[in-house]
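The values are calculated or read from the model by the stated rules, or taken from the named source; none is laboratory data. Treat the numbers as computed from the prediction; the structure is a model and nothing was measured. Note that each Cβ is placed from the backbone with ideal geometry, even for glycine, and that neighbours are counted across all protein chains shown. All accessible areas refer to the heavy atoms of the entire protein, side chains included, with ligands and DNA or RNA removed. Shrake-Rupley method; radii C 1.70, N 1.55, O 1.52, S 1.80 Å.
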Amino acid sequence: GQMAPTTLVGQKTYTTPEGRNQKTEGAPIKVCELLATLEGPSYIERVALNNPKNILRAKKAVRKAFLTQIEDDGFAFIEMLSACPTHWRMNPVEAAHWIDSDMVPVFPLGVFRDRKSEP
């Protein structure tokens, strides 16, 4: 129920009951984009857990992240957009749709770095 890096501007939480204010709490933090500016990470991806297709993609991303680190290819990071229907005051279906309609435009899904796929 508290504010997280992915809490959107205006979104209400227990720690931001009036909604996240960019002037006082700052903007949402795009962790994948930040990490992609560093040379160290080998694999960075953002996924969502709001429908079967995205859940399968997330499963593949986690597997790839573990393999990246097991094979000593470098640091791997997966960011997962996940619903919290209780604290968002939505039913689960509404929360799943809200991820697509409101979160994904701010936090686009995809691979931000994959050194194994680079030439």
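Annotated for the chain: lysine pairs at least 8 residues apart or interchain, Cα distance under 24 Å, count 12.
Springs between alpha-carbon pairs under 10 angstrom, Gaussian network model over the chain: which of PRO17, PRO92, PRO28 fluctuates most? So, out of PRO17, PRO92, PRO28, the one fluctuating most is PRO17. With all protein chains kept in place, the per residue accessible area of the stretch 4-46 amounts to 58 square angstrom at a probe of 1.4 angstrom.
Remark: the THR37-ALA4 segment gains 9.7 nm on full extension, using 0.36 nm per residue and subtracting the alpha carbon distance.
For the stretch 6-52, GluC sites (Glu not before Pro) meeting the loop criterion (DSSP other than H, G, I, E, B) and having at most 11 other Cβ atoms within 10 Å: GLU18, GLU39. Amide H contacts of GLU79 (H built 1.01 Å from N, in plane; Pro and chain starts excluded): GLU45, ARG46, VAL47 sit under 5 Å, all sequence-distant by 5 or more or on other chains. For GLU33, the shell of other residues with beta-carbons less than 14 Å away shows a net charge of +1, using +1 for Lys and Arg and -1 for Asp and Glu. One chain, two ends: MET90 and ARG63. Fully extended at 0.36 nm per residue, the span grows by 6.6 nm beyond their Cα-Cα distance. In the context of the full set of protein chains, the stretch 60-119 has a per residue accessible area of 66 Å² (1.4 Å probe). With contacts taken as Cα pairs under 8 Å and at least 6 residues apart, the chain reaches a relative contact order of 27 percent.
Between the Cα long axis of helix 52-70 and the first principal axis of the chain there is an angle of about 50°, rounded to the nearest 10. For the stretch 92-102, the Karplus equation 6.51 cos²θ - 1.76 cosθ + 1.60, evaluated at θ = phi - 60°, returns couplings of x, 5, 4, 5, 5, 5, 4, 4, 5, 7, 10 Hz by residue, with Gly and Pro reported as x. A simple rule links phi to the HN-Hα coupling: the Karplus curve 6.51 cos²θ - 1.76 cosθ + 1.60 with θ = phi - 60°, which for the stretch 20-37 gives 4, 10, 4, 6, 9, 9, x, 7, x, 9, 8, 5, 4, 5, 5, 5, 5, 7 Hz, with x for Gly and Pro.
Between the stretch 78-99 and the stretch 19-72, the C-alpha centres lie 17 angstrom from each other.
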